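Here's the structure we're looking at; comments come further down.
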Amino acid sequence: MLLEVKNLDAGYGYLQILRSVSLNIDKGEYVCIIGPNGAGKSTTMKSIIGLIAPMGGTVVFNGEDITGMSASQITTKGISFVSEEMNLFVNMSVQENLYMGAYTIKDKKIQKNRLDFVFSLFPRLAERKAQLAGTMSGGERKMLAIGRGMMSDPKLLLVDEPSFGLAPQLVANVFESLDVLKSQGVTILLVEQNVTKTLAVTDRGYILENGKIGLKGKSRDLADNPHVRKVFLGV
Amino acid sequence: MSNNYGSKFLSWIKSAAGLSIVVTIVVAVVASIASGPYLLVNTVVTGGMLALVATGLTLMLGVLNIPMFAHGEFFMIGSLAAFYVFTPISNYTNENPDSIIVVFGPLIAMAASTIIGAISGIIAEKLVFGPLRRRSTDDWVMNSFLLTVGLSVLLINLHQLVFGADFKGIVGYWSGMPISIYDVFISRDRVMAFMIAAVIVVLFWFFMTYTRTGMAIRAVSQDITGAQIVGIDIEKIVLLTISLACALSAVAGGSLLFMYPSYPTVGLEPLYMAWFVVILSGLGNVLGAVAGAFIVALLKVITVEYIGAGWDFVIPSALIMFILIFKPSGIFGSDVRGALDK
C-alpha cells in the first residue's frame, strides 16, 4: 500500500472539518475523491501533504509515518501536490518554475531529464519556456502546475480540482494529460467537482460528505449507485 | 534580428523604467558638466551604498513580508563594528606603515561589519521575529512593523547606553593621494566604497538569478505555499534572508564609516532614503531597487547642490509622491502581480 490515511481529523483553528477519514491507495492506482462543496476534499489533500497539521489520526506513506511533518519534508518523501490555486511563481519563467519543481533533486542531469519529460508531456510549455508564469492563460497555468508537480518524479501525485475555472475544451486537455501520467505508472489521487468525467476515468473513488467518507468503491459502481446518481448527477 | 532588438530597446526606453533611467543619466551628465564632476562621483558613491541598504530592505519586504524600520540600526551596527575593528588596525599601521595591513586592514574591518551584521540579523530573527511568527495569526504586517520600530528604538538606546552618544569616526580608510581621472580628483576611500558596493550588488544579483538558493528565496517571496509544496524549507530561507539583508546594510555602514561616523542615530538617514528607493522602485523588486537607489541618490545630490542642504529630504519625497500619483506600483513595479500586491 502506497498511502494509508487512518481516522484522520483535521480543520482550521477550532473548526474541525474532517472527522475520521480513512482511505488508502495502492501503487499505480488512479483514485478520486468527490463530494459537494465544503465537504473537506481540499482539506484532506492539504493534511496529507502537510500544509495543515492533522488534529488526529495517522498518514502512512510508503511504510513511513508522515503525520505532522512539514510540507517540504513530505514533498521530499515523494508526494507532489498540485493545488487548486496552482501556487505558481508568477514572476518566474516557465522553465524556472519547472526547475523549482525539481528543488528536491540535486543532480543537474536528472533535473534536465525530468524537464525533457515534462516538455514531451506538454509541448505547449516548451514553446513558452521563457514566458513569465503570471502572463499565461488559465489552461497553460494548469499545465504548468501539473508539470511542476511532475518535476520531482513523485511516487504519488495529488491533484486538487484541475478543471476549476477552465473552459470545457481545456478541461478535456487536463484529463488527457492525467491519463498519460497514469499510463506512465504514476499513482494519482484526484479531487474533482466534475463527477461524471471523473468517475469515467478513475479506477476507484471515495465520496466525501460533511467531512466523512460516505461511500467508496470502484468508480464504475459508484457511477451506477442510486445515491450518487441522485445527489451528484441529478438523475 | 537586430531590428527586433532595436524595437525591443525602443519600447523599453518608452516604458517608465527605461524613461526614468535615461532621464537620470542625462540629468547626472548635464549637472556634472554644469557644476563639476564631483556631483557624478557623489551620486555614484551614495547610490552604490544606498543600493545595498535598499536591496536588504526589499528582501525583508519581499520574502519575509516585514516592513523593516530597524534596517538603519543594522547600518549603525556595521559602522560600529568597523570602527572598533579598524581603530586597532590603524594604530598598528601608523607604527608599521610598510605593513601589508595598510592595504587590507580596511577590508578586514568591512568583512567584520558584514559578519557581525549577519549574526545580529540571525539574533533578531531568533529573539524577535521568530517568536512573533509562531504566535501571530493575522495582522502580520502591522505587528511586525510595530516590532521593527521597537527594535530600532531599543538598538539606538543600547548604542547610547553602552558606547556613548559621541561620534566614533575615522580619518579615512586608505590614506594617500586621491586618484585622478581626467583631472577629477576622487579620494581613494570613495573609489573603494563604490567598487565594494558594485561588486556586492553584482554578486548578489548573480546569486539571486542563477543559484538554487537564490531562486528559492525568490520563490518564497512570490508564493509561500508554492515554495512549501516544491520542498523548500521555509525556516532556512527565512533565516538566510534576514542574515543576508542585515549583512548588506551592515557592510554599507562599515564601508561608509569615513563619511558617516558611528553614533546612535546614524542609521536613520540611510533608512529613510532606502524607503524612498523601495517605494519609488516598486515593492519587492531587487533589480529595480538598485536602479532606484541611483535615482534617489542623484535627486539628493542635485538638491543639496542647487537648492540647499536642508532640502535633501523634501525634494526627493515630493517627487516620489508625484510619481506615485501616476504610477502607484512604482517605476519598476511589474505588470505581473507579485505576492505583495495581494
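The values are calculated or read from the model by the stated rules, or taken from the named source; none is laboratory data. Just so it is clear, the model here is predicted, and its values are computed rather than measured. Every residue, glycine as well, gets a Cβ built from its backbone with ideal geometry; the counts of neighbours run over all protein chains shown.
Assess whether A:VAL228 counts as being touching a Leu at 6+ places or on another chain (Cβ under 7 Å) and either among the acidic types (Asp, Glu) or within 18 Å of A:LEU3 (Cβ to Cβ) (or both).
So A:VAL228 does not fit the description; no.
On the given criteria, is B:SER243 at pLDDT below 90 and either in a helix (DSSP H, G or I) or aromatic (Phe, Trp, Tyr) (or both)?
No; evaluated as a whole, the condition is false for this residue.
Looking only at residues that are of a type in the set (S, T, N, Q) and free of Cβ contacts under 8 Å to residues at least 40 places away in the same chain in region B:188-235, which one is farthest from A:MET69 (Cα to Cα)?
Ranking the candidates gives B:THR209 first.
If I filter region B:201-212 down to residues being more than 18 Å from A:VAL94 (Cβ to Cβ) and surrounded by fewer than 14 Cβ atoms within 10 Å (Cβ to Cβ), which single residue comes out as nearest to the other protein chains (Cβ to nearest Cβ)?
B:THR211
For region A:10-29, which positions are closer than 24 Å to B:GLY226 by Cα and in contact (Cβ under 8 Å) with a residue 40 or more places away in the chain?
If the condition is that a residue be closer than 24 Å to B:GLY226 by Cα and in contact (Cβ under 8 Å) with a residue 40 or more places away in the chain, then A:ALA10, A:GLY11, A:TYR12, A:ILE17, A:LEU18 are the ones that fit.
Results for (1) within 10 Å of chain B (Cβ to nearest Cβ); (2) over 23 Å from A:PHE61 (Cβ atoms); (3) under 14 Å from the mean Cα position of the chain (by Cα), shown as yes or no for each residue.
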| site | (1), (2), (3) |
| --- | --- |
| A:GLU84 | no, no, yes |
| A:ASN87 | yes, no, yes |
| A:SER93 | no, yes, no |
| A:TYR103 | yes, no, no |
| A:LYS106 | yes, no, no |
| A:ARG114 | no, no, no |
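Quick one: B:ALA193 ticks every box in (1) surrounded by fewer than 21 Cβ atoms within 10 Å (Cβ to Cβ); (2) away from every other protein chain (no Cβ under 12 Å) except a single one, so which number is it?
All conditions pass for B:ALA193, except number (1).
Give me the residue from region A:128-177 that is surrounded by fewer than 19 Cβ atoms within 10 Å (Cβ to Cβ) and closer than 24 Å to A:VAL60 by Cα and, out of that set, modelled with the highest pLDDT.
For region A:128-177, the residue satisfying everything is A:LYS155.
Considering B:MET76, B:MET110, which residue is touching a strand residue (DSSP E or B) at 6+ places or on another chain (Cβ under 9 Å), buried (at least 20 other Cβ atoms within 10 Å of the Cβ), assigned to a helix (DSSP H, G or I) and not polar (S, T, N, Q)?
The unique qualifying residue is B:MET76.
Taking region A:51-110 as the region of interest, how many residues are part of a loop (DSSP other than H, G, I, E, B) and hydroxyl-bearing (Ser, Thr, Tyr)?
Of the residues in that region, 5 qualify.
Looking at region A:121-156 only, could you name the residues that are more than 23 Å from A:ILE79 (Cβ to Cβ) and polar (S, T, N, Q)?
Residues satisfying the conditions are A:GLN131, A:THR135, A:SER137.
Among the residues in region A:31-50, are any out of contact with any Leu (no Cβ under 8 Å at 6 or more places or on another chain), within 27 Å of B:ALA216 (Cα to Cα), of a type outside the set (Ser, Thr, Tyr) and surrounded by fewer than 18 Cβ atoms within 10 Å (Cβ to Cβ)?
no
Scan region A:4-30 for residues that are more than 23 Å from A:GLN184 (Cβ to Cβ), surrounded by fewer than 16 Cβ atoms within 10 Å (Cβ to Cβ) and small (Gly, Ala, Ser) and jot them down.
Listed by number, the residues that qualify are A:GLY13, A:SER20, A:SER22.
Tell me yes or no: at least one residue of region B:148-165 is on the phi < 0 side of the Ramachandran plot, touching a helix residue (DSSP H, G or I) at 6+ places or on another chain (Cβ under 9 Å), at pLDDT 85 or above and not in a helix (DSSP H, G or I).
The answer is yes; a qualifying residue exists.
Within region B:238-265, restricting attention to residues that are buried (at least 22 other Cβ atoms within 10 Å of the Cβ) and among the β-branched types (Val, Ile, Thr), which residue is nearest to the other protein chains (Cβ to nearest Cβ)?
If we take residues in region B:238-265 being buried (at least 22 other Cβ atoms within 10 Å of the Cβ) and among the β-branched types (Val, Ile, Thr), then B:THR241 is nearest to the other protein chains (Cβ to nearest Cβ).
Of all residues being modelled with pLDDT under 90 and of a type outside the set (Gly, Ala, Ser) in region B:112-141, which is nearest to the chain's Cα centre (by Cα)? Just the residue, please.
Restricting to residues being modelled with pLDDT under 90 and of a type outside the set (Gly, Ala, Ser), the top hit is B:VAL141.
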